[in-house]
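Asks: Have a look at this one.
Readers should treat all values here as calculations from the given coordinates under stated rules, not as data from a laboratory. Values in this document were obtained by computation on a predicted structure and should not be read as measured data. Positions of Cβ are generated from backbone atoms using ideal geometry, with glycine treated the same way; all protein chains shown enter the neighbour counts.
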Amino acid sequence: MFYTNIQNRHWNQRKLPVNQASLTSKQPEVEDIKAKNSQLAQVKIAEYISNTQKIYYLERRLFG
């Protein structure tokens, strides 16, 4: 016998109403996190470019 239980599946559950007040109160926090992530990404990219340039310069002198 095969038995399929769909009682706990996501398409069978009731959707809860979204609380708009909680979303708007978290908006500044989300923006702060995005700004920090953006700054970190810019620092990492600059570091990567700098390291790449140094490696290119050193390999050029080594094998040139």
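Asks: Taking K and R as +1 and D and E as -1, what net charge do the other residues with C-beta under 13 Å from the C-beta of ASN37 add up to?
Replies: Here the count lands on 0.
Asks: Using the Cβ atoms and a cut-off under 12 Å, what net charge is assigned to the surroundings of GLN53, where Lys and Arg are +1 and Asp and Glu are -1?
Replies: Overall, the nearby charge balance is 0.
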